[in-house]
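Reviewing the structure listed below.
Bear in mind that the values in this text are calculations on the coordinates, not laboratory data. Because the structure is a prediction, the values reported are computed rather than measured. Cβ placement follows ideal geometry from the backbone for every residue including glycine, while neighbour counts extend to all protein chains displayed.
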Amino acid sequence: MAYFCTQIPVLLNPGVACIKSFHQYRFLHIKAMQDDKVSTPTPSDECMVRVPHVLTVAGSDSGAGAGIQADLKACAARGVYCSTVITAVTAQNTVGVQGVNIVPEDFVAEQLRSVLSDMHPDVVKTGMLPSIGIVKTLCQSLKEFPVQALVVDPVMVSTSGHTLAGPSILDSFREELLPMADIVTPNLKEASALLGGVPLETIADMHYAAKAIHDIGPRNVLVKGGDLPASLDAVDVFYDGKDFYVFQSSRIMTPNTHGTGCTLASSVAAELAKGSQMLSAVKVAKRYIEAALSYSKNIAIGGGRQGPVDHLLKLKSNVQRRPFDPCDLFLYAVTDSRMNKRWGRSIVDAVKAAIEGGATIIQLREKEVETSDFLEAAKACLKICRVHGVPLLINDRIDVALASDADGVHIGQSDMPAHVARALLGPDKIIGVSCKTPEHALQAWIDGADYIGSGGVYPTNTKENNKTIGLDGLKTVCLSSKLPVVAIGGIGISNAQAVMGLGVPNLKGVAVVSALFDRECVLTETRKLLEVLKESNQMGKLKKCWRSPHTSRQSNLNFCYQKIS
Ligand SMILES: Cc1ncc(COP(=O)(O)OP(=O)(O)O)c(N)n1
Ligand SMILES: Cc1ncsc1CCOP(=O)(O)O
Ligand SMILES: [Mg+2]
C-alpha cells in the first residue's frame, strides 16, 4: 500500500523557488504581473503530491443528503478526493423519492472509462446500481482497471421505502460484485435480501448474516443494525472471515439520518484510500458518522420526516457567524486575567461587562491561565459573544481557538507565523497580526491576515519590553498597510481622541487592556471609552451601521460605527 501525503501541491514558475503558500503565490504572481513578466505557472513533478482518491459509482440525490452528493461531502470531510460515476438521477427530497431516471448502461461505461483510465482512483465505492447491465459493466471495468479496494454499499431501498435496485439485481450482486468486494456494508433489510429474505431481528441474527454474506465472497462484511427492533443502542457487526467485532454505541436521536449509509461506506473507502487497514477504516468511519449525526441533531432542512446529515459539520456554525468587518475593530477589548483577578471578577464576567458597555470585538489574552481553564473560558465567552454578534479572538493560542471554535486569533511577530495559522484555521477565521513596521504589515497581508494591531503607541505596563512606536510610528504603519489597523498600547479615555484623530482611513479603532480591565467597573469604563471614540471620529461624520438581524440578537448592540468619507 502506498503512503500518501496530503500537502497542497506547490505551484512553480520555471526559475522560481518552490512557493509555499497560496498567499505567497498570489503575491508573487501580482508582483510579476506588475513587473510585466508574467508567465502562466506550470506544475513541476518534484513538487506535486499524490492525493488519496475514491471513485463513487452511485445515484444522484437531488436533496443531496445521500447518494453521490453524500459521497462527495464525506470524502471531502475526510480529506480525500472523490470522483463520480452517476448511475441514476433521482428526484428526491426530505419527504421521499419522487422519481428515478436510470443512466444508460453504455454511458455508465463511458464515465467509468474516463475516470479509471486517467485518474487511477485508489478505491471504488458503489451505491445505487439500478440494473443488472450496470452491475456487469462495473465488474468488467474493474477487471480492466483494477483498484486497491472495492467497497460495496448494496443500496436497494431508500429509507423512505422507494425501491432503488429491484430483486432482479440480487443474482448479479451475489455472483459478480460481492466476490470482488473488499467490504460490503448492508443494513438489516439489505442483508436479508442478499440472503434470500431470511428474517434478521437480533444481534445473533446479524452474526449469522455477516458470516453467510462472507461466504458469498467479500473479504469483510459490516452488517448495520440501525433498524434493529427494540434497541436503544446502535449495534453493527463486523466480520473479517475470522473474527467478529461488535460496534455498540448509544443511538443518536435525530430526524436527520438521510445519507448515513452512503456516508459510512464512503468514509470507509476514504480511510482505505489513505492507507488504513480495514478494521481501523471501519472504526474511524463509524466515529465520523457518529460525530456528523450528533452535530446535525437540530438542523432544519426541508419539511419532510428525514433530513440530511451535515457531513462537513459546518452548517450551524455558519449560521451563527458573520464575516469579518473592519468596523469590528472600533472598540477592541483585550482581557487580562491578572487584572480581573485583582478586581475579583472572572474572565467571563469581564467579557460580559465589556460587551454590555459597547465593545465591538473581544480578545482573550490570557498569559497566566492553564490550558484547560483557558479553553473553558473561551467556550463560555463565545456563548456570550455569539448572542451579541461580537467576534471573539484568542491571543497566541491557535489550539484554543480551534478547540473552542472561536472566531479567530491574534498573533505577534514571535508567535505562530500567520501563513501557518491561516493554513491551520482555514479561510474563514479572523487573523490579526501585531505589526510595528511597514515590512511587518506587508508580510501580514501576504500571509493572509485580516487586520493588523499596531503599537505600543504609548508606553504601557501591560506588556513587558514592548517598544513604543508613538503616533508617528502608528501613522507610518497605517499608511503602508493594505489591511485595516487597530492601535494598541497605553490607550485609554485620555488619549483615544489623539489616536483616532490621526485621520488615516484604515485606522479603524483602538485595542485596550488596562483602561477597561484594570478598573473597578468594566461596564462604566467601556461606555466612557465608547463615547470618546464616537466623539473623536468627528461626530456627525460617523455613521451607525446596523447589522442584519440574524447576526445579533440584542438590538441595543446591533450596530457598528463607520466613518462617512
Ligand atoms: C490587537 C492586538 N494588537 C497587538 C497585540 C500584541 O500581540 P503580541 O505582539 O503577540 O503580544 P502578546 O499580546 O501576545 O503579548 C495584541 N495582543 N492585540
Ligand atoms: C498586548 C500589547 N501589545 C502591544 S502593547 C500591548 C499592551 C496593551 O495594554 P494596555 O492597553 O493596558 O496598554
Ligand atoms: Mg502574542
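Assorted remarks:
- Only a single item in (1) buried (at least 21 other Cβ atoms within 10 Å of the Cβ); (2) in a loop (DSSP other than H, G, I, E, B); (3) within 27 Å of the chain's Cα centre (by Cα) is not met by residue 328, and it is number (2).
- Only one of 284, 198 that is under 28 Å from residue 169 (Cα atoms) and of a type in the set (Val, Ile, Thr): 198
- Per the listing 272, 279, 264, the residue uniquely touching a residue at least 40 places away in the same chain (Cβ under 8 Å) and touching a Ser or Thr at 6+ places or on another chain (Cβ under 8 Å) is 264.
- Residues (in contact with a strand residue (DSSP E or B) (Cβ under 7 Å, 6 or more places away or on another chain), within 12 Å of ligand 3 (Cβ to nearest atom) and at negative phi) located in region 383-417: 393, 394, 395, 398, 409, 410, 411, 412, 413
- The criterion of at least 2 residues that are of a type outside the set (D, E, K, R) and within 16 Å of ligand 2 (Cβ to nearest atom) is met by the following helices (runs of 4 or more DSSP H) wholly inside region 371-463: 438-446.
- Residue list for region 236-259, restricted to those being in a loop (DSSP other than H, G, I, E, B), in contact with a Lys or Arg (Cβ under 9 Å, 6 or more places away or on another chain) and of a type outside the set (A, V, I, L, M): 240, 241, 254, 255, 256, 259
- Close pairs from region 327-338: first more than 12 Å from ligand 2 (Cβ to nearest atom), partner among the acidic types (Asp, Glu), Cβ under 8 Å, at least 6 apart: 337/366; 337/368
- Options 430, 446: the member that is farther than 22 Å from residue 533 by Cα, touching a strand residue (DSSP E or B) at 6+ places or on another chain (Cβ under 7 Å) and not polar (S, T, N, Q): 430
- Total residues in region 353-368, condition in a loop (DSSP other than H, G, I, E, B) and away from ligand 1 (no atom under 14 Å from the Cβ): 1
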